Amino acid sequence: MAEKGAKRKSGKKSEAVPLADLLRIPAGRPVDLSSYDAAATPGGPADKSAGLKDTARMGEHLADLQERLWAASTAGDGRRLLLVLQGMDTSGKGGTVKHVIGLFNPSGCRISAFKAPTPEERKHDFLWRIRRALPHPGEIGIFDRSHYEDVLIARVRELAPHREINDRYTQINRFEKSLTDDGVTVVKCFLHISYDQQKRRLLERLDNPDKHWKFNPGDIAERALWPTYQEAYEIALARCSTPEAPWYLIPADRKWYRNWAISRLLLEHLTALDPRYPKADFDAEACREQLLGSD
């Protein structure tokens, strides 16, 4: 089960059990985040050194699969992948984009960071801006925060009526089901950081002038709402982890494991897609002979 796997503080890499099975939040079950160890390394390498090396090795395979996915799209394959990153401040959404998505060719990635809605976005339903940012066929899309903000901060800060927020869970599930029906592989990762680790990372930002730009005094006020945010995440994870688009809980106290785990999940999903290079629609041998005889 995902919960038992996430509790392990260390573990040998298992070839028999996909990491997706270890980290997946079961559909239709309550979620208690306090039961998950944010420093665990379920299914991971023995230590940080091994994790960094394994992540680097995966880079070549991920780049190859990305190229094949893009190449297949030129022949009409409409499949694409969407990585959704959610988590408390300092959980590593930006770090994931830097260290994991950096393994891909940036020209085939579509990265969207969702902040507070603009006046234009507020004129539409909450999924309008999400639809506009979806990856095109052959692309890998990355959402740094996402449509889940509208059932997380909106719930915590009471930015919408309770009934409306409850309706959004159903809308999200229908929306994500429509994506998977349309050839989008949705990989949703909740970066699970502990309360103490968040404090350490915020202090690191304050203690280093070069990182002051990453600190927002408002983070302290948000931290005071930690229990309310945890409850909001528990509800969202429980209600929106579906067979079509499950949530994966990524223990995020150890940055190396977070990067390794998300890289591994992407590798598993792209491998399952098994994109193929399209066959040439021309006579390659005739073109070769023509080129050789052109001197």
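The values are calculated or read from the model by the stated rules, or taken from the named source; none is laboratory data. If you're wondering where the values come from, they're calculated on a predicted model, not measured in any experiment. Positions of Cβ are generated from backbone atoms using ideal geometry, with glycine treated the same way; all protein chains shown enter the neighbour counts. Side chains included, ligands, DNA and RNA excluded: accessible areas come from the protein's heavy atoms. Shrake-Rupley method; radii C 1.70, N 1.55, O 1.52, S 1.80 Å.
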Open item on the list: Compute the distance from the alpha-carbon center of region 244-277 to that of region 31-98, in whole Å.
Closed with: 4
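Please compute, over every Cα-Cα pair in region 117-160, the percentage with a separation greater than 14 angstrom.
On the way: 534 of 946 pairs.
Taking all Cα-Cα pairs of region 117-160, the fraction more than 14 Å apart is 56 percent.
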- [ ] Please give the helix 226-240 orientation as an angle from the longest Cα principal axis of the chain, in degrees from 0 to 90, rounded to the nearest 10.
- [x] 50
Open item on the list: Averaging the inverse of every distinct alpha carbon separation and then flipping it gives the Kirkwood radius. What is it for region 211-256, in angstrom units?
Closed with: 13.2
Task: Two-decimal ratio, the chain, of alpha-carbon radius of gyration to 2.2 N^0.38 Å - done: 1.09
Task: Label-to-label distance, nm, for residues given as Glu158 and Glu67 (7 Å Cα→Cβ offset) - done: 5.6
Task: Cα-Cα pairs of region 82-225 separated by more than 21 Å (percent) - done: 51
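Evaluate E = 1/(1 + (r/R0)^6) for Asp181 and His124, where r is the Cβ-Cβ distance and R0 equals 22 Å; express this FRET efficiency to the nearest 0.05. Spell out each step's value before the answer.
Working: r = 22 Å, r/R0 = 1.02.
It comes out at approximately 0.45.
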- [ ] Calculate one ³J(HN,Hα) per residue across region 261-266 by plugging θ = phi - 60° into the Karplus curve 6.51 cos²θ - 1.76 cosθ + 1.60, and present them in order as whole Hz with x for glycine and proline.
- [x] 5, 5, 4, 5, 4, 5
Task: Residues whose placed amide H lies under 5 Å from that of Val84, excluding near-sequence neighbours - done: Phe143, Val187, Lys188, Cys189
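Extension gain Arg110-Leu225, at 0.36 nm per residue separation less the Cα-Cα distance, in nm? Intermediate values should be presented prior to the final figure.
Working: separation 115, 0.36 × 115 = 41.40 nm, distance 3.18 nm.
Net length gain for the segment: 38.2 nm.
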- [ ] Apply 1/(1 + (r/R0)^6) to the Cβ-Cβ distance of Asn216 and Lys279, taking R0 = 41 Å, and write down the FRET efficiency to the nearest 0.05.
- [x] 0.20
Task: Sequence-distant residues sharing a close amide H with Asp37 (under 5 Å, placed H) - done: Lys7
TODO: As a check on your grasp of the helix formula, calculate [θ] at 222 nm for the chain: sum -39500 (n - 2.57) over DSSP H runs of n ≥ 4, divide by the residue count, round to the nearest 500.
DONE: -14000 deg cm²/dmol
Task: Per residue accessible area of the chain, 1.4 Å probe, in Å² - done: 51
Open item on the list: Ignoring ligands, DNA and RNA, please state the percent of accessible area on the chain from carbon and sulfur, probe 1.4 Å.
Closed with: 52
Open item on the list: Skipping prolines and chain starts, which residues have an amide H placed within reach, meaning under 5 Å, of the one on Ile111, given they are 5 or more residues away or on another chain?
Closed with: Ile142
Task: Ratio of Rg to Rh over region 13-143 (Cα coordinates, Kirkwood Rh, two decimals) - done: 1.00
Task: Rounded to whole Hz, the Karplus (6.51, -1.76, 1.60) HN-Hα couplings of region 22-33, x for glycine and proline - done: 6, 9, 5, 7, x, 6, x, 10, x, 10, 10, 5
Task: Per-bin percent of Cα-Cα distances, region 167-295 [10 Å] - done: 9, 24, 25, 18, 9, 8, 6, 0
Open item on the list: Rounded, prolate or oblate for region 227-279? Axes are the square roots of the Cα gyration tensor eigenvalues, ordered a ≥ b ≥ c, and the cut-off for rounded is a/c under 1.5.
Closed with: oblate
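Going down the list Lys98/Lys279; Lys177/Lys214; Lys53/Lys93; Lys98/Lys211, which pairs span over 27 Å between their C-alpha atoms?
On the way: Lys98/Lys279 34 Å; Lys177/Lys214 35 Å; Lys53/Lys93 21 Å; Lys98/Lys211 16 Å.
In this structure, Lys98/Lys279; Lys177/Lys214 exceed 27 Å between Cα atoms.
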